[in-house]
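Student: Before I ask anything, let me first share the structure, which is written out below as structure tokens.
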Amino acid sequence: MRSRIAIRYKTVTRSINKAFWDMESETLHSLYVGSYGRGTAIDDSDIDILIELPEVEYNRFDAVWGNGQSRLLQAVRSAILESYPRSDVRADGQVVKIAFSDGMKFEILPAFKKISYYGAWNGQYTYPDTNMGGNWLSTNPKAEQKAMQDKNKSSNGLLNDTCKHFRSIRNDYFGSYHLSGIVIDSFVYAAIQGWHWLLDSQTSSAAEGDYERALRAYLEKISPWYHLESPGSDQALNTSKSIDCLIKVVDLIAGQK
């Protein structure tokens, strides 16, 4: 599976580099993001890729009257179709989605480095959002990945294991609901606090179920607004579409329902 992911990652990267950078590199300007990049993906998770585009393309599509963000996604879709003409490739909100015949799904996020007035870059990217007539949003995936890696290490792997468990519960019991991966990871990152897997030499006074109840207590603590920030970048998340499912997942894990 990993080899197929790598081959498709390189093919998509090459296609977009050829269309927007006039080069055929399979690795430049792209990186894994989303749950795959944060280390919290499960077997059926989508593969998310951020691909940087030249600044001139931002200026071109930003100047378009009437949702230039949508036109940008369509241009990226056309570039991908050059390599995958028989796959289901469609623009959707903020990404271009590729559904392969074997069930694997990719989501491609075109983005631009967000350069400050002084010409510096702090890791932030600007990316298109076609909703509400079109606008631009920001993300800092490397900061998120670094924060997740650090806390996963300090928790002896409990962070990633919990995030994966949330995804499995969501998929197995609440498949008709929406719960985004970044909301899962951001909630667990904040709620885990000092909890960690015990090493062989360690002992604990915690009773069975205390950790799960602590997750439930944190959910109650942040209600009713359910404010969450993405790890590392500290960007506020819109939890409105995910919160109903998050509550159901946490309740099931904590034995509330």
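The values are calculated or read from the model by the stated rules, or taken from the named source; none is laboratory data. From a predicted model like this one, the values you see are computed outputs, not experimental measurements. Cβ coordinates were reconstructed from backbone atoms using ideal geometry, including for glycine residues, and neighbour counts include every protein chain displayed. We work out accessible area using only protein heavy atoms, side chains counted, and drop any ligands, DNA or RNA first. Shrake-Rupley method; radii C 1.70, N 1.55, O 1.52, S 1.80 Å.
Student: Looking only at helices (runs of 4 or more DSSP H) that fall completely inside the range 19-85, which ones have 1 or more residues that are open to solvent by less than 40 Å² (accessible area, probe 1.4 Å) and of a type in the set (A, V, I, L, M)?
Tutor: 68-81
Student: Taking the range 90-123, which residues are closer than 24 Å to Ile42 by Cβ, part of a strand (DSSP E or B) and of a type in the set (A, V, I, L, M)?
Tutor: Val95, Val96, Ile98, Ala99, Ile108, Leu109
Student: Same structure, new question: Could you list all residues from the range 13-49 that are more than 10 Å from the chain's Cα centre (by Cα) and among the β-branched types (Val, Ile, Thr)?
Tutor: Thr13, Ile16, Thr27, Ile42
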